[in-house]
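I have placed the structure first, in the form of structure tokens, so that the comments after it can refer back to it.
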Amino acid sequence: MKQEIATLAGGCFWCLEAVYDQLKGVVSVESGYIGGHGERPTYEAVCGGDTGHAEAIQITFDSDLITYRQLLEVFFVIHDPTTLNRQGHDVGTQYRSSIFYHTSEQKRIAEEVIASFAKEQVYTNPIVTEVVPATTWYEAEAYHQEYFARNPFQGYCTAVVGPKVAKFRKLFSAKLKP
């Protein structure tokens, strides 16, 4: 097994974590914060917009089973990469669309995937996803980890997370974990 790390931000981390947890080749998914200033940010500080951090996920994946490019292809389907600092009703820089690359190869692949989606005109509006170097990763509080799995009937989960998971499962059924 060849393990690698991918770090993505695309709105609420509960949504992204719930999707990637089900993807074949993904070893683990952790919710957290990245891309801002200050050490040990809290959920309240990040949501307040004061830290500059994004809600994000860090994916550990087996690159023998799934490629970084495939992770990004899922990413660009399960969130709206054309809205600046917003996903649906979630508004603020903490909800921005970002790819935090760990290697120059990840940067190159991210730029190629964005160019491909733009060329194919998958979206009406331009993609605003930023591609930036990964900075210090801060794990989110324990109650955020596996949030959807533990709280599927919570209001936000039924209204927002659940439909994203259903869309993912429909579009990527061949890539689901058994």
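The values are calculated or read from the model by the stated rules, or taken from the named source; none is laboratory data. Keep in mind that this is a model prediction, so the values were computed, not measured. In this analysis, Cβ positions are derived from the backbone assuming ideal geometry, glycine residues included, and neighbour counts consider all displayed protein chains. Side chains included, ligands, DNA and RNA excluded: accessible areas come from the protein's heavy atoms. Shrake-Rupley method; radii C 1.70, N 1.55, O 1.52, S 1.80 Å.
So here's what we get for this one:
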read-out: Residue count, region 145-160 (criterion: surrounded by 17 or more Cβ atoms within 10 Å (Cβ to Cβ) and more than 18 Å from Y43 (Cα to Cα)); value: 1
read-out: Residues of region 127-144 satisfying the condition of being assigned to a loop (DSSP other than H, G, I, E, B), among the β-branched types (V, I, T) and open to solvent by less than 50 Å² (accessible area, probe 1.4 Å); value: I127, T129
read-out: Residue within region 95-116 that is in contact (Cβ under 8 Å) with a residue 60 or more places away in the chain, assigned to a loop (DSSP other than H, G, I, E, B) and closer than 19 Å to V19 by Cβ present; value: yes
read-out: Filtered residue count, region 1-51, keeping only those that are buried (at least 16 other Cβ atoms within 10 Å of the Cβ), of a type outside the set (A, V, I, L, M, F, W, C) and outside any helix (DSSP H, G or I); value: 15
read-out: Test: residue in region 53-68 that is more than 23 Å from Y143 (Cβ to Cβ), of a type in the set (F, W, Y) and in contact with a helix residue (DSSP H, G or I) (Cβ under 8 Å, 6 or more places away or on another chain); value: yes
read-out: Output for region 52-79, where each listed residue is within 16 Å of the chain's Cα centre (by Cα), part of a loop (DSSP other than H, G, I, E, B) and surrounded by fewer than 18 Cβ atoms within 10 Å (Cβ to Cβ); value: T67
read-out: Residue list for region 145-168, filter: within 19 Å of L8 (Cα to Cα), at pLDDT 95 or above, part of a helix (DSSP H, G or I) and not hydrophobic (A, V, I, L, M, F, W, C); value: Y147
read-out: Total residues in region 84-126, condition open to solvent by 80 Å² or more (accessible area, probe 1.4 Å) and either at pLDDT below 95 or more than 16 Å from I57 (Cα to Cα) (or both); value: 14
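Yes/no matrix, rows are residues, columns are (1) in contact with a Lys or Arg (Cβ under 7 Å, 6 or more places away or on another chain); (2) modelled with pLDDT of 95 or more; (3) β-branched (V, I, T):
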site: G11; (1), (2), (3): no, no, no
site: I34; (1), (2), (3): no, yes, yes
site: E39; (1), (2), (3): no, no, no
site: I57; (1), (2), (3): no, yes, yes
site: I66; (1), (2), (3): yes, yes, yes
